[in-house]
Amino acid sequence: MLALRALSPSITACRLSFLRVSLLHTAAAHVEKASENETVSSGEQEGDYFEENPPPETQASADPPPRDSPRAAICTLGNTDFAINEDERSGVESCGSGVWMGLMRAHDSTDPNRAQWLRGLLDHQGYAFLRDVFPPPVVAAARLSLLIHLRDARMLHPDSTLASGRAPDGMDHSTATDQGRLHGLEKLVQTAPFKRLLEGPEIFRLFRDVFGEPALTLDHKWVRAVAPGESTGFHMDSVYVGGGSPDLLTCWIPFMDIPYELGGLVVCEGTHTHPAFQHVRDTYGRLDLDSGDVGGTGWLSESAEEIATLSPTWSPEFLTHRFRPGDVVLFPLKTLHGSAVNRTNNWRLSCDVRFQPLSHPVDKRWVRNEAGVIPGVQSKWSLHRNDATVFPRTMAEAKLAWGLA
């Protein structure tokens, strides 16, 4: 995997070099496709198919900036900046940060044979980045509804346009969002634009192709507005929504163009299965926040440098990209992920939805009960996670007990 070099004050004596990432594939790099009559079962057969028939990557996966761009784009993880220049491929020099960034591989969701490689892609990489899942107008309608909500809640700059999504200067973001999650959106996500996007035919067809059977989606939708200067710490979704199917998948949906500076999703490739991360999965990955005693955010760490040193023998690569409306990123419960820092003045708008095989048990905290209420919204951890009398351990104390610190 290609890596992006870290820039920090501690490495100024090192020779500066940018990773230049070329367009990943052209039409000449055509991959052989299986016939429509070929079927692939789960397990070993599926893995063999994936190895022999790699899924098609999008022709313009990197979408590079103009060659006369005055500077490389900056992607920030914690306090470390990564300079990204996508013009051409070159080698990388490590200067001691311990963190290696790369670009997610983007794949074409319109490939008619995607059902034969999607599951293998998720098992192999721990994520699947797909272009053109939704028609852009479908995403635009949901984004407009969300921007109107932000405007009416006085969460947009009064002198900016609605489309810009600029946050007010000096706003206390903690009163408006919780770890980037917006409050009070139960009615908004039931409106036609949101239902069309988050529970429309495109996404249900996608997950039927992934699971090989009809899919079920959790009723709760995690709509996010990440404020300027903020990011999401690294975590596994199993600690929040791990009470049902082990095959539950998160689908991350950008509502807007998200360049590197806006702080898009970052996945830690391979953390879902790599043997060197087994201890992390067996400790932190088995935590259930509602039934456990750990308070706070539930994030394992906000430091990419800390994540990179959790195993003495292996460090994951931190993968991101420039995202656009119509994209999705899928990943399983045990893929460690977070986000880069939002370095702009605008809100970064996205949504997480969860899907699983219809035949599997469901985490009842996140589906409506007979009274029409989603219990997880008012769960023990949701209400009391900052109360030390209810959740006496901090994540730092838990990591020490798990041997992760």
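The values are calculated or read from the model by the stated rules, or taken from the named source; none is laboratory data. What you are looking at is a predicted structure, and each value in this text was computed from that prediction instead of being measured. With ideal geometry, Cβ positions are generated from the backbone for all residues, glycine too; neighbour counts draw on all protein chains shown. Heads up: the accessible areas ignore ligands, DNA and RNA and are worked out on the full protein's heavy atoms, side chains in. Shrake-Rupley method; radii C 1.70, N 1.55, O 1.52, S 1.80 Å.
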Exercise for review: Would you kindly compute the Cα radius of gyration of the range 323-387 and its largest Cα-Cα separation (Dmax), both in Å?
Suggested key: 15.9, 44
Review point. Lysines near residue 221 by alpha-carbon distance under 21 Å, same-chain residues fewer than 8 away left out - which ones?
Key: 187, 195, 334, 364, 380
Revision key, fill the gap. For residue 144, the accessible surface traced by a 1.4 Å probe with all protein chains present amounts, in square angstrom to the nearest 10, to 90 Å²
Review point. To the nearest 10 square angstrom, what accessible area does residue 123 show with a 1.4 Å probe?
Key: 80 Å²
Review point. At a Förster radius of 35 Å, what calculated FRET efficiency corresponds to the Cβ-Cβ distance of residue 345 and residue 386, to the nearest 0.05?
Key: 0.80
Practice item. Can you tell me the relative contact order of the range 172-294? Whole percent, Cα pairs under 8 Å, sequence separation 6 or more. Key: 28 percent
**Study point:** Local electrostatic count, residue 349, Cβ distance below 9 Å [Lys/Arg +1, Asp/Glu -1]
**Key:** +3
Check your understanding: What do you get for Rg/Rh of the range 192-256 when both radii come from the Cα atoms and Rh is the Kirkwood radius?
Key -> 0.98
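Please sort by residue number the trypsin sites (Lys or Arg not before Pro) in the range 98-172 whose DSSP state is loop and whose Cβ has at most 15 other Cβ atoms within 10 Å.
When the trypsin sites (Lys or Arg not before Pro) of the range 98-172 are filtered for loop state and at most 15 Cβ neighbours within 10 Å, 154 remain.
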Exercise for review: Note down the relative contact order for the range 106-160 as a percent, whole number, built from C-alpha pairs under 8 angstrom at least six residues apart.
Suggested key: 35 percent
Practice item. Could you please state, rounded to a whole Å, how far the C-alpha centre of the range 184-210 is from the C-alpha centre of the range 270-347? Key: 25 Å
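Can you tell me the FRET efficiency between residue 313 and residue 364 if r is taken as the Cβ-Cβ distance and R0 is 25 Å, rounded to the nearest 0.05?
0.05
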Exercise for review: Could you state how much accessible area residue 364 has, in square angstrom rounded to the nearest 10, with a 1.4 Å probe and all protein chains kept in place?
Suggested key: 150 Å²
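May I ask you to give the percent of accessible area on the range 284-405 that is carbon plus sulfur, with a probe radius of 1.4 Å?
Numbers: 2700 of 5080 Å².
Roughly 53 percent of what the probe reaches on the range 284-405 is carbon or sulfur.
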